[in-house]
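Asker: The structure follows.
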Amino acid sequence: MIDIIGGGILGLTMAYELLKGGTPVRVWERSTSLGGLMGRTTLDELGGVSCDRYYHAILSSDRTIMGLLEELGLRSRVGMVATKMGFYHAAQTYPMTTPLEFLRFPPLSMLDRIRLAYTILACRGIKDWRALEQLPVTAWLEGLSGKTATRNIWTPLLRAKFDGDFSQVPATYIWSRLVRTTDTRTKGGSQEMMCYLPNGYQELVDALAAAICARGGTITLGATVDQVRIADRQVVGLSVDGQEIASTRVVLTTQTPIARRLLPPAAVDVDAQWGQLDGYLGIVCMLVVLRHSLTPYYTLNITDERIPFTGIIETTNLIDPSHVGGFHLIYLPKYVAPNSPYAQMDDAQLKEKFLGYLRQMFPKLHEGTIAAVRIGRERYVEPLHPVGATDLIPTLRSAISGLYLANTSQIYPQLTNGESVCSFARQVAIELR
Ligand SMILES: Cc1cc2nc3c(=O)[nH]c(=O)nc-3n(C[C@H](O)[C@H](O)[C@H](O)COP(=O)(O)OP(=O)(O)OC[C@H]3O[C@@H](n4cnc5c(N)ncnc54)[C@H](O)[C@@H]3O)c2cc1C
């Protein structure tokens, strides 16, 4: 029997894969619903319309997710759309979907464009990422793309993702990103194909939960694990909301700082090991529900540093608005370091700031077009991997017998996304069976 702490996509996929291999599981989830970061929110003020708390796309190249959907009978529910991407630069919007549009981006000279195209081709040719892990991303990009393209294309993307401080980010980050996104392109590269489930990842989450229960696994909601119990260097149980549960094998799927808080003093050495690499960026993300579409893009990247949010993700350019009550959804994310002023602002301040800038970008956006606003905040979203830190990544097995850690910080050099999370969960299950 394995006890899995956390009913997010990672914990549920792992539970399902363990059961497939014949290992019984129990899943403990502190929230009253499953899905974690991939969960849903209900807009009571709009008659109970339900939508994703955050934006989550599936890419056409996501083989593990597609395989899971097939196994769980959801494959026919998957829609596929050729989505568009844009850049908001110097108060203007530029389409950047096709390679041609990319190469026409005004701030770039012909030489910059050639070097940019070369960067993409060069990345696809790199199979061994280990050397990239030692290189700071900016120096590596300047070598490949040149200074102007780095300043106008790569720097804004990096600034957005790492809340301004990317001096310690290794080259693997952009390499992984380019390999993943160019995989989703049609032959010839002219279109980006993205996929969706009409009710978001929640459909996968619900199907996994049903399959877990059908195979004899248990899922307990509203169950906060307070501590893992250890005696003689062996897991002996769990404290769940103060109640003692006997157990000999526990997998923590929560983010590392949360997992560390569940360790008793007897695991001080494990705590120190996990603490060697446990930095995460958080996010504040405003969902604005509109009565009309705002842009033709799924993603509009914002390169203007004055605008606090780093992109506009209009998910209803992928998921048909009819699946969310006929409304149009835009998400305005800002990744935040713990000391960011945006992490400290209250909802009213954030709303005023973000909507003020949105109106500045789109002066024709009227108050009456905005049907609802929701602010999401998460302290631990993006695990940070500084240059040359691969050896510090916590391992699945710890020095305590029966105690395991399996979370997104161990997914490297791939980026953290639904595909990499599910494929990692499957790998861990195979190792633990
Ligand atoms: C704004 C945003 C956009 C994103 N966009 C994409 C995207 O487009 N595509 C994509 O694939 N991915 C995307 N991601 C990433 C994706 O959401 C995560 O990689 C994934 O959801 C992580 O799943 P997880 O199970 O590891 O963690 P989580 O979802 O965080 O699950 C951990 C679970 O553990 C539970 N838990 C915590 N402490 C305890 C405790 N003490 N006891 C019991 N339970 C506990 C939590 O309640 C939670 O349910 C995005 C994330 C965000 C925030």
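The values are calculated or read from the model by the stated rules, or taken from the named source; none is laboratory data. Please read these numbers as outputs of a predicted model, since none were measured by experiment. In this analysis, Cβ positions are derived from the backbone assuming ideal geometry, glycine residues included, and neighbour counts consider all displayed protein chains.
Asker: Out of the stretch 1-39, which residues are near the ligand (Cβ under 6 Å from one of its atoms) and of a type in the set (A, V, I, L, M)?
Answerer: Ile5, Ile9, Leu10, Leu37, Met38
Asker: Give the stretch 354-394 a look and list any residue that's touching a residue at least 12 places away in the same chain (Cβ under 8 Å) and in a loop (DSSP other than H, G, I, E, B), or say none.
Answerer: Phe362, Leu365, Leu384, His385, Pro386, Val387, Gly388, Ala389, Ile393, Pro394
Asker: Looking at the stretch 360-378, which of the residues that are closer than 19 Å to Val284 by Cα and not β-branched (Val, Ile, Thr) is farthest from the ligand (Cβ to nearest atom)?
Answerer: Once the filter is applied, the top-ranked residue is Ala372.
Asker: In the stretch 82-130, how many are touching a Pro at 6+ places or on another chain (Cβ under 8 Å), assigned to a helix (DSSP H, G or I) and small (Gly, Ala, Ser)?
Answerer: 1
Asker: Within the stretch 261-290, restricting attention to residues that are farther than 27 Å from Pro333 by Cβ and under 23 Å from the mean Cα position of the chain (by Cα), which residue is surrounded by the most Cβ atoms within 10 Å (Cβ to Cβ)?
Answerer: Going through the qualifying residues, I end up with Trp274.
Asker: Of the conditions (1) in contact with a Lys or Arg (Cβ under 8 Å, 6 or more places away or on another chain); (2) surrounded by fewer than 20 Cβ atoms within 10 Å (Cβ to Cβ), Cys51 fails just one. Which one is it?
Answerer: (2)
Asker: Can you tell me which residue is surrounded by the fewest Cβ atoms within 10 Å (Cβ to Cβ) among those in the stretch 3-43 that are outside any helix (DSSP H, G or I) and β-branched (Val, Ile, Thr)?
Answerer: The residue in question is Thr32.
Asker: Same structure, new question: What number of residues in the stretch 344-391 are of a type in the set (Ser, Thr, Tyr) and out of contact with any strand residue (DSSP E or B) (no Cβ under 6 Å at 6 or more places or on another chain)?
Answerer: 2
Matching residues to (1) at pLDDT below 95; (2) away from the ligand (no atom under 11 Å from the Cβ); (3) not assigned by TED's automatic domain parsing to the domain that holds Leu350:
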position: Ser247; (1), (2), (3): no, yes, yes
position: Thr254; (1), (2), (3): no, no, yes
position: Leu263; (1), (2), (3): no, yes, yes
position: Ala272; (1), (2), (3): no, yes, yes
position: Cys285; (1), (2), (3): no, no, no
position: Val288; (1), (2), (3): no, yes, no
position: Asn301; (1), (2), (3): yes, yes, no
position: Pro308; (1), (2), (3): yes, yes, no
position: Ile312; (1), (2), (3): no, yes, no
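Asker: Next question, about the same structure. Can you name the residue in the stretch 404-418 that is more than 9 Å from the ligand (Cβ to nearest atom), polar (S, T, N, Q) and surrounded by fewer than 22 Cβ atoms within 10 Å (Cβ to Cβ) and, of all such residues, is farthest from Val250 (Cα to Cα)?
Answerer: This residue is Gln414.
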